[in-house]
1. Stick to Cα atoms and the Kirkwood definition of Rh, then tell me Rg/Rh for the stretch 213-315.
2. With both partners inside the chain, how many of the DSSP beta bridges are antiparallel, as a percent to the nearest 5?
3. Show me 52-62, 250-260 ranked by packing, highest mean number of other Cβ atoms within 10 Å first.
4. Kindly identify the stretch 1-135 as rounded, prolate or oblate by the Cα gyration tensor criterion: order the square roots of the eigenvalues as a ≥ b ≥ c, call it rounded if a/c is under 1.5, otherwise compare a/b with b/c, prolate if a/b is larger, else oblate.
5. Peptides 108-117, 267-276: what's the order by average Cβ count within 10 Å, highest mean first?
6. Residue separation times 0.36 nm, minus the C-alpha to C-alpha distance between residue 146 and residue 114: what's the value?
7. Once each part is reduced to its C-alpha centroid, what is the distance from the stretch 119-134 to the stretch 13-85 in angstrom?
8. Distance between the C-alpha centers of the stretch 152-206 and the stretch 275-299? Whole Å please.
C-alpha cells in the first residue's frame, strides 16, 4: 500500500500564518523521510484557520527540503485561472524538481461568495467551461504545438489529476483521461459507486482515495484528537468557530447545541481513529474494498507534534517493509 499526505496549512489558535506554512514544509520533509508517496497542498481562500491560498508557493519551499516525495496541488481551482498560467507555474516546479510534480485540478470555490467574487467576476461561468479549460491545460502541459509555449518546458512533464467527491467528477476524470483522486473525507457519496463509474468502459488511470486519520499510541487520546477536530468543524458550520484550530481542552469544554452535537457525530462517523494497529487494519480494508493501492491522509490537530506523530506512526506500521 502507498500512503500520501494532503495538507491544508491549518492555523491553530495563537499561531501565526507563517508558523502554519512552515509546519506544512516540515510535514513535507517528514513525509519524504518516512516514505510517503506524495505531499499535496489544498487551496482555500478567505477561510479563517487555513493559510494555503497559494499552494504552489509553499510547494516551492517544500521542494527545497525534500528529495523523493511527489509535490502537488490538491487542488488547483482551475475556474479561477487561465490554463496557460497554471502550466507556467507547474512547469517551473517540474523544471526545479523533476519527475515529482502533480497538478491536482478542482472546480470547487474553496471559499465563500465574497472570496469567489474577488478572484473571478464570473466564477460560475468558468465552472461551466471546465471541459474547455482542462483540454487547454492538457495541451499546454503536453506541449501539443500550442502557442505561446508555457515556459519553462521541463524535461519531465507534471502529472495531471482530477479531484472530486462525486460520480460527476469521476465521469469528468474518466472522459478526459485523467488520473482521479476521490475525497472520501468530505463526501457523502458511496466510494464504490464513484470508483466503479470512473472505471466504467475504459482502462482507468491512477486512483487515490483520501481519508481523515487520527493515530496515536493511546487509542483514547487518538479519539480525543478526532473529537476536537470534529467540534472545530461543527462550530464553523454554525458560525461559532474559533479564530483558528482550537485544542482538546478548549473544544472539550464547549457546550454544543443540539445541531452542533448532531454535526459533530456526523463528522466523527467519517473519521478513522485509533492505534497504528487498528488504523492500519482499517486502511488496509479500505484499500482492498475500493481496489486502490494508494490512500491519501488528512490530519488536522491543534498541536503540530500530534500531527507529525500520527503520520510517523502510520508510516512505521504500514510502510516499514517498503
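Quick note: the coordinates plus some simple rules give every number you see, no bench work behind them. Source: prediction; values computed, not measured. Backbone-built Cβ (ideal geometry, glycine too); neighbour counts: all protein chains shown.
1. 1.00
2. Taking every DSSP beta bridge within the chain, about 5 percent pair in antiparallel fashion.
3. Output ranking for 52-62, 250-260: 52-62, 250-260.
4. Verdict is oblate for the stretch 1-135.
5. Put in order of decreasing packing, that is 267-276, 108-117.
6. This chain segment gains 8.1 nm when fully extended.
7. Centre-to-centre (Cα) distance: 24 Å.
8. Computed from Cα coordinates, the inter-centre distance equals 19 Å.
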